[in-house]
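Following: one structure in structure tokens, then a few remarks.
The values are calculated or read from the model by the stated rules, or taken from the named source; none is laboratory data. These numbers come from a predicted model, not from an experiment. Positions of Cβ are generated from backbone atoms using ideal geometry, with glycine treated the same way; all protein chains shown enter the neighbour counts. For accessibility, only protein heavy atoms count, side chains too; no ligands or nucleic acids. Shrake-Rupley method; radii C 1.70, N 1.55, O 1.52, S 1.80 Å.
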Amino acid sequence: MTDLNFSDQKSAELYKLEKLNHILSIAVQAPFYKKLYQGIELPLKNLDELKKLPVIDKQTLCTEGETCKKSLYTRNNGGFYKFSTGGTSGRMSFARYSLDEFHEVCFGAAYGLTACGITPDDLVANCIRAGAFWTGFLTSYRALEMIGCNILPITDNQPVEKTLEYLEMMQPNTLFGISPTLVQIAQEATRRGIKLHIEKVAFASTPLTTEQEKYLASVWPDATFHSAGYGAAEVGPIGFQCEHCTGTEHHVLQPDCIVEKDDDGAIIATSLIRVLQPAIRMKVGDDIEWMEGECECGRTSPRFKLLQRSDEIIEFSHDSMTLDQLGSCLGKFDELAPVFQVRLDLNADKTDIIVRVEAADCDAVDDFQLTSKVYECLSGDIPAVGTNRDKNNIRAFKILIVPSGGIPRVETTGKIRRVIDKRFM
């Protein structure tokens, strides 16, 4: 594949400025951007002037990008794809990609998969759900096709038992899927004593947690684990992992995107490929920190580390609780799978919390002794629900251990809404 790496940052900045000004010249043909950029002098003289342009958040996109509105579109004819966000926020927003833009999205995804070690020799089981309006399956299979892989389009549209039958029959060396699906496949394989010789795991959408990667590595000890790329339906591709990136570390996919970080650490992304519905200075919803030094892979593109999403920090009146805290505590119990969900309800002026966690084996379901131990661990390790429980006006704090797959998945994608906060609805 063509290398998308720039030899130096000066070349990269000149390229990005030229692409950005081209997109801005077309963006003002859309009513939304024409009004938004009134009084702003274009073209921009340098990339620092990008900060003159307003930041757009997801709420704005939901308001302006409803099915019946066209204020974000620079044209209303020609072929396009229409995609939505993954649905974990509980609210859908839509984005149009021209056919050419979608080709570039897939090429960027293919570059990222190649960078993290996927080759034409790999037999790849694509276990992404072919969901309504979701980019996941279409992008992944096109990217794998561009690499020249041997592709098994298994999807996640059938029960996990059937998925495992296909995997046992075809014996792929590479698995491609989202984290809840990968965990469920590993659990089912363990329960049934089925050995899959997995060498590479590419996870899409949400990163694997430390606990999830540890669990998967115990089932497939010869496997390497890498992100299939970082992006957003509203923006397109943003980052990729090379073989030296670990955890949530990513390189910026510079030909496709400009990445900024605001004063609060939130990522702001500008697509350099989206013209039909431009995505300029979009607040994606994740926090990042820049990484210092050069990467061992030799690429010059800046690197960042994804931090916890702002919606994965649960705020109370006195302090807060994070999903990382919950995951670390739940990870101490081998009887539990690294898959959980937190629900918060308002009862008068107090909060009720229910933590649902999936069992690693059937015996753990409704195990009162185990539930008590988990409760004690969470209360002891997390001050917000332990020592500070009264200060946070928490009335009830419950743990429910449910069977594998017992936490409802988002129908279109198979994702899990990890936090359902009904206090402000």
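Taking the criterion of being in a loop (DSSP other than H, G, I, E, B) and either under 25 Å from residue 116 (Cα atoms) or touching a strand residue (DSSP E or B) at 6+ places or on another chain (Cβ under 7 Å) (or both), the residues of the range 1-51 that qualify are 1, 2, 3, 4, 5, 6, 7, 8.
Looking across the range 117-130, the residues that are crowded, with 22+ Cβ neighbours inside 10 Å and of a type outside the set (D, E, K, R) come down to 118, 124, 125, 126, 127, 128. Per the conditions (1) touching a helix residue (DSSP H, G or I) at 6+ places or on another chain (Cβ under 7 Å); (2) open to solvent by less than 10 Å² (accessible area, probe 1.4 Å), the sole criterion not satisfied by residue 314 is (1). Might you let me know whether the range 158-172 holds any residue that is surrounded by 21 or more Cβ atoms within 10 Å (Cβ to Cβ) and farther than 18 Å from residue 405 by Cβ? Yes. Is it fair to say residue 24 is modelled with pLDDT of 95 or more and closer than 20 Å to residue 269 by Cβ? Criteria met by residue 24.
When residue 376 is tested against the conditions (1) acidic (Asp, Glu); (2) open to solvent by 10 Å² or more (accessible area, probe 1.4 Å); (3) in contact (Cβ under 8 Å) with a residue 12 or more places away in the chain, the lone failure is (3). Taking the numbered list (1) on the phi < 0 side of the Ramachandran plot; (2) out of contact with any Gly (no Cβ under 6 Å at 6 or more places or on another chain) in turn, residue 127 passes all entries but (2). Scanning the range 145-155 turns up at least one residue that is in contact with a Lys or Arg (Cβ under 7 Å, 6 or more places away or on another chain) and surrounded by 14 or more Cβ atoms within 10 Å (Cβ to Cβ). Identify the residue in the range 39-62 that is open to solvent by 80 Å² or more (accessible area, probe 1.4 Å) and not acidic (Asp, Glu) and, among all such residues, is modelled with the lowest pLDDT. Ranking the candidates gives 59 first.
Of the residues making up the range 398-422, those that are within 29 Å of residue 376 (Cβ to Cβ) and assigned to a loop (DSSP other than H, G, I, E, B) are 403, 404, 405, 406, 407, 408, 416, 417, 418, 422. Within the range 287-307, the set of residues being in contact (Cβ under 8 Å) with a residue 24 or more places away in the chain and part of a strand (DSSP E or B) comprises 288, 289, 290, 303, 304, 305, 306.
Within the range 173-203, the only residue that satisfies the criterion of being part of a strand (DSSP E or B) and open to solvent by 20 Å² or more (accessible area, probe 1.4 Å) is 200. Based on what the data block shows, is residue 300 buried (at least 22 other Cβ atoms within 10 Å of the Cβ) and among the β-branched types (Val, Ile, Thr)? The answer is no for residue 300.
Hand me the list of strands (runs of 3 or more DSSP E) wholly inside the range 204-283 holding 1 or more residues that are surrounded by fewer than 21 Cβ atoms within 10 Å (Cβ to Cβ) and on the phi < 0 side of the Ramachandran plot. Steps first, please.
Values: elements: 224-227, 230-232, 236-240, 249-252, 257-261, 266-271.
Output list reads 224-227, 249-252, 257-261, 266-271.
Within the range 344-373, the set of residues being open to solvent by less than 20 Å² (accessible area, probe 1.4 Å), over 28 Å from the mean Cα position of the chain (by Cα) and among the hydrophobic types (A, V, I, L, M, F, W, C) comprises 364, 370. The residues on offer are 108, 65, and the sole one that is at pLDDT 90 or above and either polar (S, T, N, Q) or surrounded by 19 or more Cβ atoms within 10 Å (Cβ to Cβ) (or both) is 108.
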